[in-house]
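The values are calculated or read from the model by the stated rules, or taken from the named source; none is laboratory data. Since this is a predicted model, take the numbers as computed values, not measurements. When we count neighbours, we look across all protein chains shown, and the Cβ atoms used for this are built from the backbone with ideal geometry, even at glycine.
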There are 2 protein chains.
Amino acid sequence: MAQPTEETVSVRALGERGTLARILPLLPVARSTLVPPGDDAAVSTLEGGSVVTTCDMMIEGPDFRFDWSTPHDVGWKAMASNLADVAAMGATPTGVIVAVACPAETSIEVLEGIARGIADGLQAMAPGCGVLGGDLSTASELCLSVTVLGELAGHPPVLRSGAQPGDVVAVAGELGVSERGLRVLAEHTEQAGEVLSEQSRDVLRDRHPEVAHHLAPTAPIALGVVAAQAGASAMMDISDGLVLDATRMAEASGVSINLDGALKDDEEALMGGEDHGLLACFPEGSALPEGFRAVGVVGAPGEHVVTVGGEALAVSRGGWDPYRDSSSVNTAVSP
Amino acid sequence: MAQPTEETVSVRALGERGTLARILPLLPVARSTLVPPGDDAAVSTLEGGSVVTTCDMMIEGPDFRFDWSTPHDVGWKAMASNLADVAAMGATPTGVIVAVACPAETSIEVLEGIARGIADGLQAMAPGCGVLGGDLSTASELCLSVTVLGELAGHPPVLRSGAQPGDVVAVAGELGVSERGLRVLAEHTEQAGEVLSEQSRDVLRDRHPEVAHHLAPTAPIALGVVAAQAGASAMMDISDGLVLDATRMAEASGVSINLDGALKDDEEALMGGEDHGLLACFPEGSALPEGFRAVGVVGAPGEHVVTVGGEALAVSRGGWDPYRDSSSVNTAVSP
């Protein structure tokens, strides 16, 4: 996937200028743009007197593998995960900055695919948001570093530390679907040996919507501002699973969270990560905004930080650690 | 340099949380911070209704080598090169976002050194600017991706396209010093074989201020706003050498630039890159702000875009191309 074929050309052959000439036309211009990329820096409008910023790297090996993800998936997923962090503050994403390093022998089609995934992901999840700049370099494996800016127009940011006893705990977006997709991919990869063929991957993707969701999740970005305007007391994105992220929210807020007992036997919904939905708390009695569904209630701090149907859970997973969990560098895949 | 010794510990042994616990206390908090890193995203104040953004990656191999640069140098230089791009718009840097990927076996001392270099570089060049967030991951070689935000308080951005015939061309900061330092390093490395010893590097650095400047340049960041307030018509940072960057400015502005004939025999000043000084044009007759010195005049578009003492130059270098100029990936060093 990362190597050029007879019909394609490497970024080395194109050079930086030729590579940029192929990629830049694919990327959407941010509606906020005042001075586009090309000068020393870009300039874009930003309402509200403050800026929301987040950053996430995706690296071939620890974060994705090209027998599972297409380049388009990599670009799209980088948008979903980063946009969700801005949305989780109750902010509107206004622009992204994308740095890419790859081997010089990488096919231009890989970078074009990533650019199209970025463009399509922005169009689908944050229309109006565009690319404010970036950088190209060389590295031994493909490394994508994305920074997203967002604006808060007229309301304070929604923190994870604001949950109050009595609040309704609600979720927008999928729960556990990405995990189910991951399991399908892992199972078929094990059966196939160590690497999934492109054909098998495409078949799995057509047959199992959860595989497509794992590889290129659609996150409910616009609902971040909606939740803030509806008075959300606390919010965060669900990247490491409902239980682990609810635990973080409860600890930051000094409360406990009791999740709905109906979730008790749904391990993927409780533990599965990478759906990039939103976890939000709303004051007792308030109507939940469309797109959110109640999954629990906030209680006073208690013996257990998070319970399900009133019972404690033995949480075994502590989230993905890029240093500890990569058994050898860049061969492991984030669970 | 990148490997842990008996007395040090790897980031794998520390894990992500332990690594962050060692690094975060070293990084300066931005004066603009409203919500510090730790939630889904950070929030910081931003004056003026617009945001200036730039991004640059530094990768072990194509961009730096650890027998020349200390980790502190790498962090410092990443600040100099990125802050200079914000300053060149006439803006004040308000915050940086730093993503770092490295092999899991990397000594924590390397990341601590980079963090101290970032802190010291910010303190020296852009006091008040701090770290708004970032990310840690694993990769085969050390990869640093830096995004800087800046604010324009009350004046429009200064573009490279605004130079007018009659303008004075001026420079702030060093010219050619980094190139002279690079030549000293390259010469001694060739004499030593392929790798410079730590001891030799330290001796060179003590004896040759230009070596220290090449490895950790001090860029005149505060002079960006000063130039804007003094009415600069065009500005950019000098990263690829005076002649090449003046050519870019003249082409963007549709003018010609005649550099001072006194520079004619100073090849390093004309062609040397990585000083990260500022190249600015000021209207004819205006007093240059302190810190700037005249190096030429802007003329009408002519046969030659850039001349020195009225004579055309044969410009042989087209700037560093990360894809074409890395003879094999991550073994070459940017000239």
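Residue by residue, here is whether (1) within 12 Å of chain A (Cβ to nearest Cβ); (2) at pLDDT below 95; (3) not in a loop (DSSP other than H, G, I, E, B) holds:
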residue	(1), (2), (3)
B:Leu111	yes, no, yes
B:Ile114	no, no, yes
B:Ile118	no, no, yes
B:Ala124	no, no, yes
B:Asp135	yes, no, yes
B:Leu149	yes, no, yes
B:Pro157	yes, no, no
B:Arg160	yes, no, no
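Of all the residues in region A:46-71, those that are at the interface with chain B (Cβ under 10 Å from one of its Cβ atoms), surrounded by fewer than 21 Cβ atoms within 10 Å (Cβ to Cβ) and in contact with a helix residue (DSSP H, G or I) (Cβ under 8 Å, 6 or more places away or on another chain) number 2. Scanning region B:301-312 for residues that are within 15 Å of B:Pro165 (Cα to Cα), surrounded by 18 or more Cβ atoms within 10 Å (Cβ to Cβ) and touching a helix residue (DSSP H, G or I) at 6+ places or on another chain (Cβ under 9 Å) turns up B:Val305, B:Val306. A single member of A:Leu20, A:Leu14 is touching a residue at least 60 places away in the same chain (Cβ under 8 Å), facing another protein chain (nearest Cβ under 9 Å), assigned to a helix (DSSP H, G or I) and surrounded by 15 or more Cβ atoms within 10 Å (Cβ to Cβ), and it is A:Leu14. Candidates are the residues of region A:264-300 that are small (Gly, Ala, Ser) and in a loop (DSSP other than H, G, I, E, B); the one that is surrounded by the fewest Cβ atoms within 10 Å (Cβ to Cβ) is A:Gly285.
Of the candidates B:Val74, B:Val43, B:Val9, B:Val86, the single residue that is touching a residue at least 12 places away in the same chain (Cβ under 8 Å), surrounded by 22 or more Cβ atoms within 10 Å (Cβ to Cβ) and within 13 Å of chain A (Cβ to nearest Cβ) is B:Val86. Close contacts from region B:262-289, counting a first residue that is under 26 Å from B:His214 (Cα atoms) and a second that is among the aromatic types (Phe, Trp, Tyr), with Cβ to Cβ under 8 Å and a gap of 6+ residues or different chains, come to B:Gly273/B:Trp320; B:Leu278/B:Phe292; B:Ala280/B:Phe292. Under 27 Å from A:Leu196 (Cα atoms) and either outside the structural domain of A:Leu27 (by TED's automatic domain parsing) or assigned to a strand (DSSP E or B) (or both): is that true of A:Met58 in this structure? It is true that A:Met58 is under 27 Å from A:Leu196 (Cα atoms) and either outside the structural domain of A:Leu27 (by TED's automatic domain parsing) or assigned to a strand (DSSP E or B) (or both).
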